[in-house]
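The structure under discussion appears below in the form of structure tokens.
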Amino acid sequence: MLKTINTALLFSLIGGFCVAQPQIEEISFAAPQDPVGMYMDEARLIGSATHEVVFWDIYDLTLYAEERPFMGSPPYALEIAYNKGFTADLIADKSIALIREQNFDDEMRLAEWHSQLINIFPDVSKGTVLTGIYTDEKETAFYCDGEYIGEIKDPEFGLYFFNIWLGEDSSEPKLRRELIGSESVDSD
């Protein structure tokens, strides 16, 4: 009986060595791109702020540019890190409403921009980071979690879109001051 167990053990050990072992392939996942670094040689953190509604932190904003103090000259990038989930439609609707509040009233262009935003933006969840970059060419490129998702080439769109947060007439002057740095702005 002991001989049978030893023989069985020997065959199982040999069998283990003879059985083809699966090859483990090394899978490499591409790291997300650094969209800010793609558009700016020496991007500097200018400021950051949190957009709050009542007692909810909706999203965190971070502004990058090559020059400090921030003067609004492209290129610059605004990262929006969401603390809540939103649909692409809601983000596009709110963006267009805030552009409209800046007294932009070309309804045909607003409709065109709205359509483009719906096609570009994904639905977001907590932790999603959307990055908008106002390029040297005054186009607006968008990234989601480091991956390119689209662009709007109209230079006027970028000006109004980023003015939601960075414009002198922003509806959130405290947020603006935090983003662009106190030495970049006059008192609001």
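Read the figures in this text as sums done on the coordinates, not as results from a lab. This structure is a prediction, so every number in the text was calculated from the model and none was measured. Every residue, glycine among them, receives a Cβ derived from its backbone with ideal geometry; neighbour counts consider all protein chains shown.
About its Cα centre, segment 29-188 has a charge dipole of approximately 380 debye under the convention of +1 per Lys or Arg Cβ and -1 per Asp or Glu Cβ, with nothing else charged.
Only one residue of W113, Y76, G47 has its Cα farthest out toward the positive end of the dipole of segment 35-184, where Lys and Arg carry +1 and Asp and Glu -1 on Cβ, and that residue is G47. Applying D = kT/(6 pi eta Rh) to segment 35-184, where Rh is the Kirkwood radius over alpha-carbon pairs, T corresponds to 25 °C and eta to 0.890 mPa s, the Stokes-Einstein value obtained is 159 µm²/s. Assign one of three labels to segment 86-125, namely rounded, prolate or oblate, based on the Cα gyration tensor with a ≥ b ≥ c the square roots of its eigenvalues; rounded applies when a/c is under 1.5, prolate when it is not and a/b is larger than b/c, and oblate otherwise. Judged from the Cα gyration tensor, segment 86-125 comes out oblate (a/c at least 1.5, b/c at or above a/b). Close amide H contacts of E52 (hydrogens built in the peptide plane, cut-off under 5 Å, sequence separation of 5 or more or a different chain): I58.
Legend: calculated FRET efficiency, Q102 to E66, from the Cβ-Cβ distance at R0 = 22 Å, rounded to 0.05, equals 0.30. Available extension along the chain between K126 and W56 is 23.9 nm, counting 0.36 nm per residue and deducting the alpha carbon span.
Note on E147 and D41: their simple-model spin labels are 3.2 nm apart, each label 7 Å out from Cα toward Cβ. For segment 53-58, backbone phi angles converted through the Karplus equation (6.51, -1.76, 1.60; θ = phi - 60°) give residue-by-residue couplings of 10, 6, 10, 9, 7, 7 Hz, Gly and Pro being listed as x.
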